[in-house]
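Presented below is the structure to which this report refers.
The values are calculated or read from the model by the stated rules, or taken from the named source; none is laboratory data. These figures come from a predicted structure and were not determined experimentally. All Cβ positions, even for glycine, are placed from backbone atoms using ideal geometry, and neighbour counts span all protein chains on display.
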């Protein structure tokens, strides 16, 4: 049986994987936002970039990040406030996701 070959990864999936890698390293929110800017600049600067396709990718990225922010807000509200480490982790995750969402929103408005 031949191995099934996967097509190329969707750019949005690659971007989300990159952002997740940075988030797990506790990268500061400003750096997370800058990474979104770098990703979108790479999409728009590609020789084969079609503006409509780039806009769709940014919209998809933004929608996923909005969902992530909502989930993180819920996590913060569910965190036991007496557990300082858990509160710090939840707040950090929320700040990073908020920065990425805001950067994606700015990128979308600039397209």
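Residue check: residue 93 meets all listed conditions (1) at pLDDT 95 or above; (2) under 13 Å from residue 19 (Cα atoms) but one, namely (1). Selection of segment 52-70 for residues being without any contact (Cβ under 8 Å) to a residue 24 or more places away in the chain and surrounded by 12 or more Cβ atoms within 10 Å (Cβ to Cβ) yields 53, 56, 63, 67, 70. Restricting attention to segment 15-51, which residues are modelled with pLDDT of 95 or more, surrounded by fewer than 12 Cβ atoms within 10 Å (Cβ to Cβ) and within 15 Å of residue 64 (Cβ to Cβ)? Correct list: 17 only.
Within segment 73-94, being in contact (Cβ under 8 Å) with a residue 24 or more places away in the chain and surrounded by 18 or more Cβ atoms within 10 Å (Cβ to Cβ) holds for 93, 94.
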